[in-house]
1. Of the numbered conditions (1) more than 16 Å from the ligand (Cβ to nearest atom); (2) hydrophobic (A, V, I, L, M, F, W, C); (3) more than 21 Å from Ala243 (Cβ to Cβ), Ile67 satisfies every one except a single condition; which is it?
2. Within the stretch 353-365, work out how many residues are assigned to a loop (DSSP other than H, G, I, E, B) and in contact with a strand residue (DSSP E or B) (Cβ under 9 Å, 6 or more places away or on another chain).
3. Just one of the numbered conditions (1) crowded, with 24+ Cβ neighbours inside 10 Å; (2) over 11 Å from the mean Cα position of the chain (by Cα); (3) within 11 Å of the ligand (Cβ to nearest atom) is not true of Ala8; which one?
4. Provide a single number: the residues in the stretch 12-28 that are in contact with a helix residue (DSSP H, G or I) (Cβ under 6 Å, 6 or more places away or on another chain) and within 13 Å of the ligand (Cβ to nearest atom).
5. Just wondering, is there one or more residues in the stretch 280-297 that are acidic (Asp, Glu), under 17 Å from Cys322 (Cα atoms), out of contact with any strand residue (DSSP E or B) (no Cβ under 8 Å at 6 or more places or on another chain) and without any contact (Cβ under 8 Å) to a residue 40 or more places away in the chain?
6. Since Thr83 meets every condition but one in (1) at pLDDT below 90; (2) farther than 26 Å from Thr255 by Cβ; (3) within 16 Å of the ligand (Cβ to nearest atom), which condition does it not meet?
7. For the stretch 40-64, give me each residue that is hydroxyl-bearing (Ser, Thr, Tyr) and either buried (at least 24 other Cβ atoms within 10 Å of the Cβ) or within 16 Å of the ligand (Cβ to nearest atom) (or both).
8. Quick check: is even one residue across the stretch 91-105 away from the ligand (no atom under 11 Å from the Cβ), among the acidic types (Asp, Glu), surrounded by fewer than 21 Cβ atoms within 10 Å (Cβ to Cβ) and modelled with pLDDT under 90?
Amino acid sequence: MVKAIVGANWGDEGKGKITDLMAEHSDIVVRFQGGANAGHTIINDYGRFALHTLPSGVFYSHITNVIGNGVALDIQKLADELTGLIQAGVPAPNLIISERAQLLMPYHVLQDAYEEERLGGHAFGSTKSGIAPFYSDKYAKIGIQVCDLFHEDRLREKLSHAVAIKNILFQTMYQKPPVDADALFQQLLTLREVIRPYVGDGVSFLHQAVQQGKEILLEGQLGAMKDPDLGIVPMTTSSHTLAGFGCVGAPVPPTALKEVICVSKAYSSCVGSQTEPFVSELLGPAGDELRRRGGDKGEFGATTGRPRRVGWFDTVATRYGCMIQGATQVALTCLDVLGYLDEIPVCTAYEIDGQVTKDFPVPAQLEKAKPVFTTLPGWKSDVRGITRYEDLPAAAKAYVDFLEQEIQVPIKIVSTGPKRHEIALRP
Ligand code: GDP
């Protein structure tokens, strides 16, 4: 059976923890989109890890991990991550890197940085890891696949074609030095050796695994709001963050995807540009306090260290997020974080031009949206580590009931702390 674990919101919902937990009973964990621009935080017996490219199943010896063709593969970063695991004493993972995945090149990183510099104050808040130029090149058909690394004539030809285009852009538009295609070619041949043992036919492997009835987890990066079609355009990422894209980026047949577990935090957090509409945002000292108490070490980006914007739970955005993900259930994380509050506002509608709506609007309207709050009582106690749902205080359970009613998807998992087993299954 294929299950996807994806984000209902802006990313950083705690998918890594839920994937790590569910991986225990899986045979295969697959990354199907995105690159090393975001990270999952996983805390287990080996320590605390921020995974950027590696699938979250790498801590289990019984799991085969797949980096699917939909991923933007930065080989250098992957190599660094593998080294980090081995240094921490984690056994070498079982890993397949799809030969159809494309390579995120040093020139993508440069282009990303040059473009943010050119945009100045109008920048999109890119992490400057080359993701947007990478996916643009994929669709412009000048991307280079992992399999090309093993066909040197083809690699040289594709590289010189791509570099010629980049150099016109870099020198003319950005007034920057050109890229040396020969030096890059040599660099790629060196990096090729790092990934050589892992490169394989991810497509056949996954299709056979589906036929054999294996338990397969698709692991999403970022969240529904960041999808370039259905998210908050243009403050999105450049690959599809929706479970449905797993059918392309992993890939698995569409009919094989049976469960979509949408992860959402018990409050909101959003990393990226300050100009992105974030309706339920909590500013000032109250926001600082939530940011400081959030997650396992405060709400700061796992990859970038940037402070995340925080706010109250937004049922308008989350219901839409769950809808476009096709959620069959929700995992609600970080419930423990809210234990300090006397009362907890929940954004249950938006007011746009004097009209109140519960439907998530198009980006052009979202900018004008003001939050409408319903305030619930807090539970004023520490629920960290509670594993029996019935042991939660009544007000905490009432909070979960209320969110479920608003988002219209069953909340089946409630996470009460960052550690693997700090979790309560909701009866
Ligand atoms: P992901 O990209 O969706 O995996 O999310 P991140 O790992 O970037 O951010 C989630 C943060 O919340 C991490 O610091 C996790 O360790 C932490 N976290 C996950 N679940 C819980 C929880 O139930 N309680 C608390 N306090 N922290 C959690």
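1. The one condition Ile67 does not meet is (3).
2. 4
3. (2)
4. Qualifying residue count, the stretch 12-28: 4.
5. No, every residue in the stretch 280-297 fails to be acidic (Asp, Glu), under 17 Å from Cys322 (Cα atoms), out of contact with any strand residue (DSSP E or B) (no Cβ under 8 Å at 6 or more places or on another chain) and without any contact (Cβ under 8 Å) to a residue 40 or more places away in the chain.
6. Among (1) at pLDDT below 90; (2) farther than 26 Å from Thr255 by Cβ; (3) within 16 Å of the ligand (Cβ to nearest atom), the lone unmet condition for Thr83 is (3).
7. Passing the criteria: Thr41, Tyr46, Thr53, Ser56.
8. There is no residue in the stretch 91-105 that is away from the ligand (no atom under 11 Å from the Cβ), among the acidic types (Asp, Glu), surrounded by fewer than 21 Cβ atoms within 10 Å (Cβ to Cβ) and modelled with pLDDT under 90.
The values are calculated or read from the model by the stated rules, or taken from the named source; none is laboratory data. This structure is a prediction, so every number in the text was calculated from the model and none was measured. We place every Cβ from the backbone using ideal geometry, glycine too, and count neighbours over all the protein chains shown.
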